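First up is the structure itself, then whatever we jot down about it.
The values are calculated or read from the model by the stated rules, or taken from the named source; none is laboratory data. Quick caveat: nothing in here was measured; it's all calculated off a predicted structure. Using ideal geometry, Cβ is built from the backbone for each residue, glycine included, and neighbour counts are taken over all protein chains shown. Surface areas here come from the heavy atoms of the whole protein model, side chains and all, with no ligands, DNA or RNA. Shrake-Rupley method; radii C 1.70, N 1.55, O 1.52, S 1.80 Å.
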Amino acid sequence: MKRRGYGLALILLLSVLVPSPTASAAPVTLDELALVRVALPDEAMFDELVAAGADIATRPRMDDGRVLVDLVLTGSQLDALTARGAHAVQVIQREGDAAARYAQSRQAAPQADTLHFLSAYWWASGGQTFLQTQVATTAIADPDVEITVTWTTADGTTGSFPLQRFVDAGEYQYHVAEPQPLPAKPTRLSATSSLGGVSRVITPTAWPGPTPPAPPVGYQEDFIDAYMAPTDIKARLGRLARQYPNLVDLVDLPHKTQGYRRTATAFVGDPANAAIVVESVKFGDEGPHGWQVRTVNPGRPNRPAQATWRDRVLTVSLATDSSGVISTTAQIAALITARFPQRINAFVEDGSAGKVMPVAGPVTMDDGLDGSVSRRPWTVQALRIGVHRDGSRTGVLAYSQEHAREWATPLVTLEFAERLLANYATDAATRQLLEDVEVFVIPTVNPDGANYSFSDASFQRKNMVNHCTGLQRDPRLADQWGVDVNRNYTVGSLFDGYTGGSANCLSGNYSGTAELSEAESGNVIALAKAHDNIRFAMNVHSYGGYFMWSPGAYAMPGRVTLPRPSTEEEALFLTSAKRIVGAISSSRGTVTWPSRTGPVADVLYSAAGNSADQLYYELGIIAWNFEIGNDRWNPATSDWEGVGFQPPFPEAHAESQEYADGLLELLSVAGDYARD
Ligand SMILES: [Zn+2]
């Protein structure tokens, strides 16, 4: 029983103040609030207290004719009761005691945190055993907690290594380290923290598990002998379609790309001093390539500025006064834009505003592109492979090179496709697969950007569409133009408020002007929507060695991810991932790390508006992402080394082979799904 608060009635009832000793060493002072066990002379007084709303902390009990009750009251109230025959038996606690008791309890508490292993996996690769662990501490807010993992092998050898605190979007996730080399399989692990925390002793698990059996003798593979630019890929697709007409259709995707093309531009004047930029309205290959622009001094005083167009040469006569040229850069840029709006736009070069327009040129306008490939809009193509290409079988979609610079990725999907076609006639397992499933392959989603990467700027990631305006159209920024195709989809996008896409047209993660503003992203979705038998998809990127699924994005603040898969689907993702990671490892021992296997948002970063999230959330497709090109262990330096987007070809070739193995295992997963 507990009653709160004192009514005015109680104060009046107990208004006679008579000082009286209490049972405790120090009396309760008049204003002090305390919890006191009081012996009341009779039940009538208790009833009075109840009626007055006294703060009665316990059920009263009878004791030798008295009533014992615990009351929260002030010293003056206690004195009033005492004057009427009650007396204090025990001052249990004073109001002022509480803060000190809280502080003392915190000081006396053990400082140790609690640790537990989120994962602990070992594997062997290239004769070397590795261990990777993730450990979480309960001291999530302490940035200085150090966690050490200690391992023991069967023969008693032991060692330890530190973990690093991993924080994402301001939130503590866990402690983790790169895979550590060990002399042998670890049998026991424990973790300790600098706060004194100790984990349970655990036994690590083998990663990723069993590898599939080797292909039978006579199985044909390795159809990759060089890097392939979009033109090479187009030729390969044509050959496969001609060579295996009973197994494959070549599908033209509906949205032609812009093409490997740019508007033609030139600087008129000296960009370091005073200049304007002229830019054709049409693409360079549509006529403007080779146009010339010059500015001239009319040689006479007091002339207005004027622009004339003749024989593909724009001549601007500058304005003069009695002492010479007076046209500014802004005036001349405005004159050109107003005079020939169908042909040329002009703007003042950054830093040239307010300056007199110099006499310059003629300068030749060009599109700045070095490649000798077609400038025409590109028809992106897909292979449709299977015995029954009618939508009656479970569909699997593999697509690559959304990002132009990821040169090894089409090698993976092309190797995968050709293995299916080449082995159909002779390999029973392949024949069964192509009976059970239908396979769609888009080797290069972003051929325009790929052409730019092969011919002009190898680090080009985005497509060739320039949505920039104003000064951001300066041709010196050309390598930063384009849309990140894999940030242009409709689920969890920048436009929905998710993290990992940019509204800046010069950003590597520029999301475009709207969801699906680009032909490239539209093609992937159009293919998936046109074939609702597609139940599985793999989006092939490079590099780093990741195997990932949804959610691929979160929103800030709070790191709110897209919905997590159900427990059943998460289990399907993980068990399938282990099969596919195992298949990849069968080629040359490459093991995708446990820490790089999981949802994109958790193991890599938030990628707002990526394709796999749209396939999964909108179309219900089990959609994965590869980042091929796993880090390589260097035993000489004991370091993991990155391979990059365009490694020396032998590495890219090895990636094509091992990740084709992974895609074939994905097909087996789909086949099992289809038969279930
Ligand atoms: Zn990529």
Seminar exercise, completed: To the nearest 10 degrees, the tilt of helix 43-52 (Cα long axis) against the first principal axis of the alpha carbons of the chain is 30 degrees
Exercise. Given +1 on the Cβ of Lys and Arg, -1 on the Cβ of Asp and Glu, and no further charges, what dipole in debye does region 285-433 carry about its Cα centre, rounded to the nearest 20?
Worked result: 500 debye
Exercise. In a shell of Cβ-Cβ distance under 13 Å around residue 479, excluding residue 479 itself, what net charge do Lys and Arg (+1) and Asp and Glu (-1) give?
Worked result: +2
Seminar exercise, completed: Going residue by residue through region 591-603, the Karplus relation 6.51 cos²θ - 1.76 cosθ + 1.60 with θ = phi - 60° gives ³J(HN,Hα) values, rounded to whole Hz and with x marking Gly or Pro, of 10, 5, 5, x, 6, 10, 10, x, x, 3, 5, 8, 9
Exercise. Which whole-angstrom value gives the distance between the alpha carbon centres of region 202-281 and region 146-184?
Worked result: 38 Å
Problem set entry | Cα extents of region 348-402 along the three principal axes, largest first (Å) | 70, 24, 15
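Counting alpha carbon pairs within less than 8 Å and at least 6 residues apart, what relative contact order, in whole percent, applies to the chain?
Normalised by residue count, the contact order of the chain is 11 percent.
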Exercise. Across the Cα atoms of region 263-362, what radius of gyration and what greatest pairwise Cα-Cα distance (Dmax) are found, in Å?
Worked result: 12.8, 43
Seminar exercise, completed: Note, region 236-248: 3J(HN,Hα) by Karplus (6.51, -1.76, 1.60, θ = phi - 60°), whole Hz, Gly/Pro = x, goes 5, 4, x, 5, 4, 5, 6, 6, 10, x, 7, 10, 9
Exercise. Hey, which lysines would be in cross-link range of residue 234, C-alpha to C-alpha under 29 Å, not counting anything within fewer than 8 residues on its own chain?
Worked result: 256, 282, 462, 529
For this session: Quantify, in whole percent, the carbon and sulfur part of the accessible surface of the chain (1.4 Å probe; protein heavy atoms only).
Result: 52 percent
Exercise. Across all directions of projection, what mean area in square nanometres is found for the Cα convex hull of region 428-524?
Worked result: 8.4 nm²
Exercise. So what is log10(I(q)/I(0)) for region 411-460 at q = 0.17, 0.24 1/Å, when the Debye sum runs over its Cα atoms only?
Worked result: -0.61, -0.86
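First select every other residue whose beta carbon is under 13 angstrom from the beta carbon of residue 629; then total the charges, Lys and Arg +1, Asp and Glu -1. Mind dumping the intermediate values first?
Numbers: positive: 405, 588, 596, 632; negative: 406, 627, 631, 641, 651, 655, 658.
Summing Lys and Arg as +1 and Asp and Glu as -1 gives -3.
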For this session: Would you tally the net charge around residue 204, using a Cβ to Cβ cut-off of less than 11 Å, leaving residue 204 out, and scoring K and R as +1, D and E as -1?
Result: +2
Problem set entry | Between helix 519-530 and the chain: long-axis angle, C-alpha atoms, 0 to 90°, nearest 10 | 70 degrees
Seminar exercise, completed: Taking placed amide H atoms and a strict 5 Å upper bound, the residues 5 or more places from residue 373 or on another chain that come that close are none
For this session: Quick one: what are the phi-derived ³J(HN,Hα) couplings along region 413-427, Karplus 6.51/-1.76/1.60 with θ = phi - 60°, whole Hz, x for glycine and proline?
Result: 6, 6, 4, 4, 5, 6, 4, 4, 6, 6, 9, 4, 6, 10, 10
Exercise. So what is the calculated 222 nm ellipticity per residue for the chain, using -39500 (n - 2.57) for each DSSP H run with n of 4 or more, over all residues, to the nearest 500 deg cm²/dmol?
Worked result: -7500 deg cm²/dmol
Seminar exercise, completed: So, relative contact order of region 573-674 in percent, Cα under 8 Å, 6 or more apart, is 34 percent
Problem set entry | region 621-676 versus region 526-564: alpha-carbon centroid distance in Å | 17 Å
Seminar exercise, completed: In nm², the average projected area of the convex hull spanned by the Cα atoms of the chain is 50.5 nm²
Problem set entry | Placed amide H near residue 537: partners under 5 Å, 5+ positions off or other chain | 397, 622, 623, 624
Exercise. Given H placed 1.01 Å from N in the peptide plane, which residues other than close sequence neighbours of residue 168 have an amide H under 5 Å from its amide H?
Worked result: 173
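Hey, what's the chain come to in accessible area per residue, 1.4 Å probe, Å²?
Averaged over the residues of the chain, the accessible area is 42 Å².
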Exercise. Relative contact order, percent, of region 439-542 when contacts are C-alpha pairs under 8 Å separated by at least 6 residues?
Worked result: 21 percent
